[in-house]
1. May I ask you to evaluate 6.51 cos²θ - 1.76 cosθ + 1.60, the Karplus curve with θ = phi - 60°, for each residue of segment 254-261 and list the ³J(HN,Hα) values in order in whole Hz, giving x for glycine and proline?
2. Compute the distribution of all C-alpha to C-alpha distances in segment 78-198, in bins of 5 Å from 0, and list the percent of pairs in each, rounded to whole numbers.
3. What is the ratio of the Cα radius of gyration of the chain to 2.2 N^0.38 Å, where N is its residue count, to two decimals?
4. Compare the peptides 130-141, 189-200, 62-73, 278-289 by average per-residue count of other Cβ atoms within 10 angstrom and give them in order, highest first.
5. Going by accessible area, probe 1.4 Å, with all protein chains left in place, what is the ranking of V246, V310, largest first?
6. With all protein chains present and a 1.4 Å probe, how do L348, L145 order by accessible area, largest first?
7. Taking a cut-off of 23 Å between Cα atoms, list the lysines near K283, but don't count ones fewer than 8 places away on the same chain.
8. Please report the accessible area of D109 (heavy atoms, 1.4 Å probe, ligands and nucleic acids excluded) in Å², nearest 10.
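The values are calculated or read from the model by the stated rules, or taken from the named source; none is laboratory data. Keep in mind the model is a prediction, meaning the values are calculated, not measured. In this analysis, Cβ positions are derived from the backbone assuming ideal geometry, glycine residues included, and neighbour counts consider all displayed protein chains. Surface areas here come from the heavy atoms of the whole protein model, side chains and all, with no ligands, DNA or RNA. Shrake-Rupley method; radii C 1.70, N 1.55, O 1.52, S 1.80 Å.
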Amino acid sequence: MTQFSFLLSLAILATQAVAFPQIQSLGGLSARELEDILPRLNAVTPPPPPGASNDTAVRLVNDKAHPYMPLRPGDIRGPCPGLNTLASHGYLPRNGIVTPTQIINAVQDGFGMDVEDAMVLAYSTMLVDGNVVTNLMSIGGKSPLTGPDPPKPAIVGGLNTHAVFEGDASITRQDFFFGDNHSFNPKLFSQFVDFSNKFGDGFYNLTVASELRFQRIQQGIATNPQFALLSPRFSTVYGEAAFPLVFFVDGRKADGKLSVKDALGFFRDSRMPDGFHRTDLSKSADAVKNFTGAIFAAHPTQPGKNNGTVNSYIVDPNTPGLNDLCGLYENFVNNIIVSLYPNPQGVLRDNLKANLNFFFGPFEGCTQLFPYGQ
Ligand code: HEM
């Protein structure tokens with residue numbers, strides 16, 4: 001979606017907020033009422049994925065066209081320092097309300113992330129945390145700017161929503177059990193600095209990532225009675241420890257060593273260092289894969305959760321392992337999406353089908369599932 005049509009759709013949403021004063025949820029309506037109302041909401045047919053960027057070069061991305069700007073009142077940021085930074089530099093809308101197409105373009109342009117990784121993240125989070133009718137998602141807390149909610153149990157809560165993508169054991173954010181699960185946490189960053197000094201000579205490198213990842217899991221098991229590492233969080237927890245080694249390190253250097261000064265800029269301030277160059281897009285997918293595997297291998301942990309008391313971690317044999325991509329896909333569609341959308345109708349059903357279809361793209365080789373028909 002172009003910037004122009006994005007602004008246009010926000011303007012339409014604003015008009016509809018007046019026409020539909022109760023924009024929070026349509027959960028109380030009968031199937032017949034929904035059938036009537038849903039087509040009149042700001043339904044958007046989700047466009048196909050934008051595809052891979054032809055421009056893979058290392059290049060200046062903190063440039064004149066994408067200056068850092070501080071937050072304005074109402075701008076939303078959330079648990080992902082990558083998306084926060086892209087929004088604060090204008091690669092994503094600065095207000096933090098985004099579409100999957102905007103995410104896929106922004107992570108390629110601003111950080112050199114591979115298109116398939118971008119598609120998996122963009123469509124899976126859209127399906128869980130976004131509004132599939134209006135094709136808008138908040139990169140932080142729930143926002144009326146994503147439009148009227150589809151019926152519950154759909155959440156449409158933005159990326160801050162705990163338990164599916166936002167999860168426990170984050171490196172710089174607290175576990176949900178302790179309160180704020182999405183803001184930069186200075187105490188956790190002190191631990192990040194301590195580990196970088198102890199294991200990385202002042203840099204966050206592969207050894208630091210491996211040790212800190214393990215430490216945060218051990219801390220969660222020992223202090224959080226509700227600590228959980230289940231699918232898909234079990235996979236993202238390792239990938240996210242690897243991302244800073246690839247995407248937050250200047251592409252001219254690309255040595256997997258992130259200084260704590262630059263880390264503070266990204267994690268706390270959503271800000272790229274001056275003169276920052278993105279990494280080589282043609283190499284980033286392999287780098288992420290290799291780092292992720294190495295971080296896991298340093299301290300292999302099984303998926304599981306505490307049973308309501310601390311230090312009671314029980315392995316969950318039903319959660320797919322790190323390399324079981326088809327298992328991940330099946331679990332996501334059959335368990336997570338179907339439980340959020342048990343009986344979608346009309347445009348909601350059509351848009352769920354479209355997003356599920358786009359999401360399947362990178363899982364070619366697995367069996368495609370059609371919970372709402374082909
Ligand atoms: C492609 C779309 C992306 C989506 C939908 C996404 C979403 C998320 C979400 C929901 C979290 C919270 C998980 C948690 O509880 O820790 C997260 C964390 C994280 N994301 Fe992203 N992300 C994306 C791309 C990126 C990119 C491009 C980068 C790096 C440039 C990045 C770096 C990180 C890091 C480092 C964390 C962990 C923060 C921590 O542990 O303190 N993400 N992301």
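1. These are the phi-based 3J(HN,Hα) values: 6, 10, x, 10, 9, 5, 5, 5 Hz.
2. Answer for segment 78-198: a P(r) of 2, 12, 20, 21, 20, 14, 7, 2, 1, 0 percent.
3. That works out to 0.96 for the chain.
4. Final packing ranking: 130-141, 278-289, 189-200, 62-73.
5. I get V310, V246, largest accessible area first.
6. L145, L348
7. Once the sequence-local lysines are set aside, what remains near K283 is K253, K257.
8. In the full protein context, D109 sits at about 70 Å².
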